[in-house]
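Structure first, commentary second.
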Number of protein chains: 2
Amino acid sequence: MKTPLSRRPAGAFALLAAIGLLAAAAPQAPESILGFTPESSAAQRDVEARYDQALSAENLRNWMEYIVSKPIYVGSPHNKETADWMVEQFRSWGYEAELERYDVLFPTPRIRELEMLSPRSYKAQLREPALAEDRTSGITENRLPPYNAYSADGEVEAELVYVNYGIPADYEELERRGIDVRGKIVIARYGGSWRGIKPKVAHENGAIGAILYSDPRDDGYYQGDTYPEGAFRQEHGVQRGSVLDMPQYPGDPLTPGYGATQDAERLDRMEAPTIMKIPVLPVSWGDAKPLLEAMGGPVAPAAWRGALPLTYHLGPGPARVRIKLEFDWTITPAYNVVAKIRGAEFPDEWVVRGNHRDGWAMGAADPTSGMVALMEEARSIGQLMETGWRPRRSIVYAGWDAEEPALLGSTEWAEHHAADLKEHAVVYINTDGNNRGFLGMGGSHSLEAMINGVARDVTDPQTGVSVFERLRAARAVRGDSEALERADLRISPLGSGSDYTPFLQHLGLPSLNLNFGGEGGGGSYHSQYDSFDHYTRFGDPGFEYGVALAKVAGRTTLRMANADVLPYRFGGLADNVKRYLEEVEKLAEELRRRTERENRLIEADAYQLAADPTRTYVPPEAKEPVPYLNFAPVRNAVALLDKAAGEYDAAVAQALASGDAGPSQAAMESLNNRLRRIEQLLTDERGLPKRPWFKHQIYAPGFYTGYGVKTLPGIREAIEQREWDLVPVQMERLAATILRAATAMEEATLLMD
Amino acid sequence: MKTPLSRRPAGAFALLAAIGLLAAAAPQAPESILGFTPESSAAQRDVEARYDQALSAENLRNWMEYIVSKPIYVGSPHNKETADWMVEQFRSWGYEAELERYDVLFPTPRIRELEMLSPRSYKAQLREPALAEDRTSGITENRLPPYNAYSADGEVEAELVYVNYGIPADYEELERRGIDVRGKIVIARYGGSWRGIKPKVAHENGAIGAILYSDPRDDGYYQGDTYPEGAFRQEHGVQRGSVLDMPQYPGDPLTPGYGATQDAERLDRMEAPTIMKIPVLPVSWGDAKPLLEAMGGPVAPAAWRGALPLTYHLGPGPARVRIKLEFDWTITPAYNVVAKIRGAEFPDEWVVRGNHRDGWAMGAADPTSGMVALMEEARSIGQLMETGWRPRRSIVYAGWDAEEPALLGSTEWAEHHAADLKEHAVVYINTDGNNRGFLGMGGSHSLEAMINGVARDVTDPQTGVSVFERLRAARAVRGDSEALERADLRISPLGSGSDYTPFLQHLGLPSLNLNFGGEGGGGSYHSQYDSFDHYTRFGDPGFEYGVALAKVAGRTTLRMANADVLPYRFGGLADNVKRYLEEVEKLAEELRRRTERENRLIEADAYQLAADPTRTYVPPEAKEPVPYLNFAPVRNAVALLDKAAGEYDAAVAQALASGDAGPSQAAMESLNNRLRRIEQLLTDERGLPKRPWFKHQIYAPGFYTGYGVKTLPGIREAIEQREWDLVPVQMERLAATILRAATAMEEATLLMD
């Protein structure tokens, strides 16, 4: 591959001069907004001030109260009612709005039974009782009981084994103790991974059923006072949720990679690879306690013990349980609300901004707290439009349906409109649940500088400093040594868990995920008690952080829509990719050292000698030594990326700082067109090993973490899983990917020459 | 100070040649015992084989059953009965045995009341019920109820504050939350420090009373199945124990530094500085739970939360409690059993070997499991003596009384016989509770090589490898990277918690503390359930580890008694002191970095900004920066120590390996006399800051840890407590101390010239 990296951007002014942005000797204006000239910054600030002015916490409260008055899961009557109502709202604000329907497989439970047969009998309640302090907790009409969507149908009976969080490392611990889950039912606590990993790994290890429960240690009285006295999960609160194998691919399990339109070809359900193979049922700790109390066998390792007042044992048995589950496997219409404003200057460049609108039960925090912020953003922009203002680029607001079961609404829409999105989208901006606290910023590192700029310009409602300052303080106090040093706060790489996944990881669109949180108090997640009453007592009582989110996400939307040059900066990308590479190199080194050490201990019989002979202990087997890996191609690519990114960033900053007049539309489009494809260059059409749907080479949800991100996933997971043959292939692919992006940055720089 | 360090030990053979140990070109005998020539090693091995042969687990079982049939606290009738019986036993084995009596202040409870007055009323039970499975649990005669010895008398009433472990760092956390314990009663969980620290620090912070309880997280069902099903502490089990301020000085509070003989001068009780100033009462978690449930205020920090099924709150209140305590402050006779064999060759060199014989209740594990091992050692040695064998040095066996209240028996004896002990003792070998598992070796580092040699020669009863091998395996598995590399396993420096303290830290005698443990399962500690039934189910059912302890401690005794050259080696001492110095330097650096970081965060207002404004938060105040400290004098001293130690070790090893005939008694005594004073040179008569009783400059119990050791305590604690003025003084004192010892080593080396 030939790259023009040896050429320096001799005159970064050329393009901007050509397009009329350049004024002689304009001083660097520190108050300029990223991507804007000093002059257009001033105009933008005026728009933003008027935008802020129009925001009303009262709207958020009223809308939430209406939306969460009845259950809003996909297919529920109130889900459709609120979708229609949202369309009307958007239209009343001046948007072209409509519902886009996809027909998706959505199982709902018909039979849910769990009983302990021995040593005592216990029939699990599997229900969340009404509370006087929560007005919607007693709703029974159109309510979904606690269940795990995409569990298998079936009836199984077996002894229980406690598997902690149910991740692969936990099964290694069981193996050391001679405990095998084959033919058993596992009971796993929530936490430590996304829930779908637990039954997947249980099945891989031979279990025939799985019970998931919320231990009060992770999610209950150990954390704080329980509902309704406090925010935290009480004895009967259950975490519902999907167990579809989303790390393989999210969205409709029957239409992988394409939109689930009415006439789309569908897989046979029995062949859909992402549907769980064993029955899985979530329970409260109230239902789990009798089961755990009845277990024998070895005492669980210290790190496995929860906060129930009992000694945690591993089993197997003597607790023996029966699970019976049957679902209606219905094809259900999912309705995305899609509302558009046509851009005044670049209508074919789209800013896409979404939040899901379905919830498992009432869905106040998740997702309505974010959805009402999005609506208020849209309303305020509508108010700007009433004064004749128009965004330069097109804006698409979306209220996704059916996020909870498997990111269905967003994924099907993204798959269905894939070509258009790759052609037109300049960013996808996601929000979801929101509550009181600190700004959360995740996304493409090319947007790090931009979103930091936004965070500097929004005031924290509680402290009066910027949300940037407050987050920086929190990070510094938590021990992040660079927080007070580095100009920008790092943003988190994205794994999965909300609707950004199809846009970022499947299509390669520059994406952001934004929220506030950390002070709201958890405990209502995916339960009947995620209600207006809970949220307005513990989440964000004054909806001040809803308004703050509207300021952050709305500003982001408006800046992406109006920027002269799209505000991607690649220095942050290069800096973070370098760190990820260092992490992976360290991972390999540590794995090598650990393997050597463990093999040596095995050889010295040390594990056996250190074990208590009165207990079963099976020492580990020696592992293949970790080979030395060739990181050079990726290192070289990252070095080029670093250089190209620095040159682009310097060139564009200089050009913008010097410009003061409006650009020529054609020149601007030419640079911007090139820029917004750079994130797509970070994908590889072949996707990741074992999961071709995931195409991004920098960010992916972990195959065995589910939500938790794996950066540089191709090489990182190959090393973690000791698939040494895979490493060189993935290494080469990653290097090529990074080089493509670096080359595109150089070309963009040259455009300014 | 002038030291002869420039002289190299040109011919290490001289002394040994002079005393007849040297044979030409004798090859290094790897099987030689440390301190013995090859020939005397062979004889010693023969003695040890006969010694092992005579040991009987059955004796240990029978003696324990008799001793723990009734309570054995100091002053109890059965305590005296068993003392008399032990004297008879020792006499029957050929020892000169007698009781040595000291009259010590020993408070026992007259009134113990604890009740919650609001928000609900609860009267604490403060008793441990009888269990059908434990034959002595129902004993009521001459039984001491749960209490903390040396608590103040008094009646106090106040709101409760939960203070976690009640150590200084915990009060800083409370301060951050605006919580003040002045005028309050604190409730602290056991753990994190020795128990006496908790009321001491509570008092320093202004509290007027303290409740100590056993949280099931640290000591109960969280750890394992509870008694009688399992070994662990059950709902009503209470940890009794002393709260005398032993880090100031242990022993009789009324006779600091001298023996509490009948006619000794005594302090007025009200002036005794070590007696606690506020009422303190220990309770079970069964009694603590209603109190903790009734508390409000902020939720406790995550690390403070125990395993009770409740949300831990800090208070203050609304729980309001009243404590009333009254004690009989009786002067009580404590009877040490002291049994002696006169050494055949060096009767004025004493090997002192002790274990305490009093317990809080039945005292099966603590201390009888160790005491019966000691008795069996003595009996077996007695059997050797029946064949005409005699130890070369004198052996003193001791059964200390009144260890539990404050190391009373051993301390008063050590203080009383201080001059003789400093003149004659070559070692103090301590044991205490013992159970199944791994060898524990603590003590003077000059004995590290010797005790490692013993550990290599004793077989682990469960695995058949040496107890050295098994311990090494356990350390390697736990991640101790040097365990498989270093020739000797490091031994632990000693803090406090058993009877070695007066010998090591007050007198400067080379000391060891030995035990097995780690697989026995805890939970009976200082409760009524530390019984024969508990011990024989969970401690060491077959008394195999009791016999193993007798083999280890007996071998140690015999080798110290018979060695040609006393088996001190100083390379291990130098190596460990170097490590401690590195630790302290790192401590200062980390404190400096942390102070800088915290001051910077304070200046940036980061703590305040990171805090939840809906909760009280008081940011810390800036601290004086940590000055750069002059470690050079100590470093130089350690470098000399390292050199002198290496030269001595090499010289003596070479000399012994080459020798094959008996030494001349006079020459031997001359070298040994010098050697055994080296540990005493590590003391400083002025003692440690604020506690002159503690004279050892290398090892001390922490002023704020109580049992936990602080090595190089003078400089370490001055730095920890930010007493910068103290540092240079302590640094100089430590350097001088180390130089004295190094010089003595050089002189010993020269004796072999």
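Going by the conditions given, is B:A344 within 14 Å of chain A (Cβ to nearest Cβ), surrounded by fewer than 16 Cβ atoms within 10 Å (Cβ to Cβ), touching a residue at least 40 places away in the same chain (Cβ under 8 Å) and not basic (K, R)? Even if it seems obvious, please write down each step before you answer.
Numbers: within 14 Å of chain A (Cβ to nearest Cβ): no; surrounded by fewer than 16 Cβ atoms within 10 Å (Cβ to Cβ): yes; touching a residue at least 40 places away in the same chain (Cβ under 8 Å): yes; not basic (K, R): yes.
Considered against the rule, which asks whether it is within 14 Å of chain A (Cβ to nearest Cβ), surrounded by fewer than 16 Cβ atoms within 10 Å (Cβ to Cβ), touching a residue at least 40 places away in the same chain (Cβ under 8 Å) and not basic (K, R), B:A344 comes out as no.
If the requirement is being in contact (Cβ under 8 Å) with a residue 60 or more places away in the chain and surrounded by fewer than 16 Cβ atoms within 10 Å (Cβ to Cβ), which of these qualifies: B:Q248, B:Q239, B:Q262?
B:Q262
Of the conditions (1) within 28 Å of A:K70 (Cα to Cα); (2) at pLDDT below 95, A:S410 fails just one. Which one is it?
The one condition A:S410 does not meet is (2).
From B:L573, B:L558, which residue is within 28 Å of B:S670 (Cβ to Cβ), buried (at least 21 other Cβ atoms within 10 Å of the Cβ) and in contact with a Ser or Thr (Cβ under 6 Å, 6 or more places away or on another chain)?
Exactly one of B:L573, B:L558 is within 28 Å of B:S670 (Cβ to Cβ), buried (at least 21 other Cβ atoms within 10 Å of the Cβ) and in contact with a Ser or Thr (Cβ under 6 Å, 6 or more places away or on another chain), namely B:L573.
May I ask you to list the residues in region B:466-500 that are in a helix (DSSP H, G or I) and in contact with a strand residue (DSSP E or B) (Cβ under 7 Å, 6 or more places away or on another chain)?
B:V467, B:R470, B:L471, B:A474, B:Y500
Could you please find all residues in region A:408-428 being surrounded by 24 or more Cβ atoms within 10 Å (Cβ to Cβ) and out of contact with any strand residue (DSSP E or B) (no Cβ under 8 Å at 6 or more places or on another chain)?
Matches in region A:408-428: A:T411, A:A414, A:E415.
Checking the conditions here, which among A:G317, A:G359, A:G306, A:G354 is within 14 Å of another protein chain (Cβ to nearest Cβ), buried (at least 18 other Cβ atoms within 10 Å of the Cβ) and either on the phi < 0 side of the Ramachandran plot or at pLDDT below 95 (or both)?
Unique residue meeting the criteria: A:G306.
Exactly one of these conditions fails for A:K710: (1) among the basic types (K, R); (2) over 24 Å from A:E590 (Cβ atoms); (3) buried (at least 18 other Cβ atoms within 10 Å of the Cβ). Give me its number.
Checking A:K710 against (1) among the basic types (K, R); (2) over 24 Å from A:E590 (Cβ atoms); (3) buried (at least 18 other Cβ atoms within 10 Å of the Cβ), the one that fails is (2).
When region A:423-465 is examined, which residues are found to be of a type in the set (D, E, K, R) and outside any loop (DSSP other than H, G, I, E, B)?
A:E423, A:E448, A:R456
Have a look at A:S41, A:S92 and point out the one that is polar (S, T, N, Q), more than 30 Å from the chain's Cα centre (by Cα) and within 29 Å of A:R569 (Cβ to Cβ).
Values: A:S92 fails: within 29 Å of A:R569 (Cβ to Cβ).
Only one candidate qualifies: A:S41.
May I ask you to verify whether B:A373 is touching a Phe, Trp or Tyr at 6+ places or on another chain (Cβ under 9 Å) and outside the structural domain of B:V161 (by TED's automatic domain parsing)?
yes
Filter region A:474-506 down to the residues that are more than 14 Å from chain B (Cβ to nearest Cβ) and β-branched (V, I, T), then identify the one that is surrounded by the fewest Cβ atoms within 10 Å (Cβ to Cβ).
The extreme case among them is A:I491.
Give region B:682-692 a look and list any residue that's surrounded by fewer than 21 Cβ atoms within 10 Å (Cβ to Cβ) and more than 17 Å from B:I197 (Cα to Cα), or say none.
Within region B:682-692, B:D684, B:E685, B:R686, B:G687, B:P689, B:P692 meet the criteria.
Just the residues that are closer than 30 Å to B:T536 by Cβ and either surrounded by fewer than 20 Cβ atoms within 10 Å (Cβ to Cβ) or at pLDDT below 95 (or both), please, taken from region B:1-56.
Matches in region B:1-56: B:A49, B:R50, B:D52, B:Q53, B:A54, B:S56.
Does region A:282-303 hold any residues that are within 11 Å of another protein chain (Cβ to nearest Cβ) and closer than 18 Å to A:G191 by Cα, and which are they?
Listed by number, the residues that qualify are A:W285, A:K289, A:A300, A:A302.
Residue by residue, here is whether (1) more than 14 Å from every other protein chain (Cβ to nearest Cβ); (2) under 35 Å from the mean Cα position of the chain (by Cα) holds:
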site	(1), (2)
A:A610	no, no
A:R635	yes, yes
A:L640	yes, yes
A:K643	yes, yes
A:S658	yes, no
A:N673	yes, yes
A:R677	yes, yes
A:L681	yes, yes
A:K690	yes, yes
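Residues in region B:275-289 that are farther than 23 Å from A:R305 by Cα and either modelled with pLDDT under 95 or not β-branched (V, I, T) (or both): how many? So that I can check it myself, show each step before the final result.
Start the filter on region B:275-289 by keeping residues that are farther than 23 Å from A:R305 by Cα, which leaves B:275-283, B:287.
Now restrict to residues that are either modelled with pLDDT under 95 or not β-branched (V, I, T) (or both): B:276-277, B:279, B:281-282, B:287.
Of the residues in region B:275-289, 6 are farther than 23 Å from A:R305 by Cα and either modelled with pLDDT under 95 or not β-branched (V, I, T) (or both).
Quick grid of which residues meet (1) outside the structural domain of A:N515 (by TED's automatic domain parsing); (2) under 17 Å from A:Q44 (Cα atoms); (3) in a helix (DSSP H, G or I):
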residue	(1), (2), (3)
A:G542	no, no, no
A:A548	no, no, yes
A:R555	no, yes, yes
A:L558	no, yes, yes
A:N576	yes, no, yes
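Does region A:727-739 contain at least one residue that is out of contact with any Pro (no Cβ under 9 Å at 6 or more places or on another chain) and either at pLDDT below 95 or among the hydroxyl-bearing types (S, T, Y) (or both)?
yes
Within region A:532-546, track down each residue that is on the phi < 0 side of the Ramachandran plot and over 22 Å from the mean Cα position of the chain (by Cα).
A:F532, A:D533, A:H534, A:T536, A:R537, A:F538, A:P541, A:G542, A:E544, listed by residue number.
The values are calculated or read from the model by the stated rules, or taken from the named source; none is laboratory data. This structure is a prediction, so every number in the text was calculated from the model and none was measured. Glycine also receives a Cβ, built like all others from the backbone with ideal geometry; neighbour counts cover every protein chain displayed.
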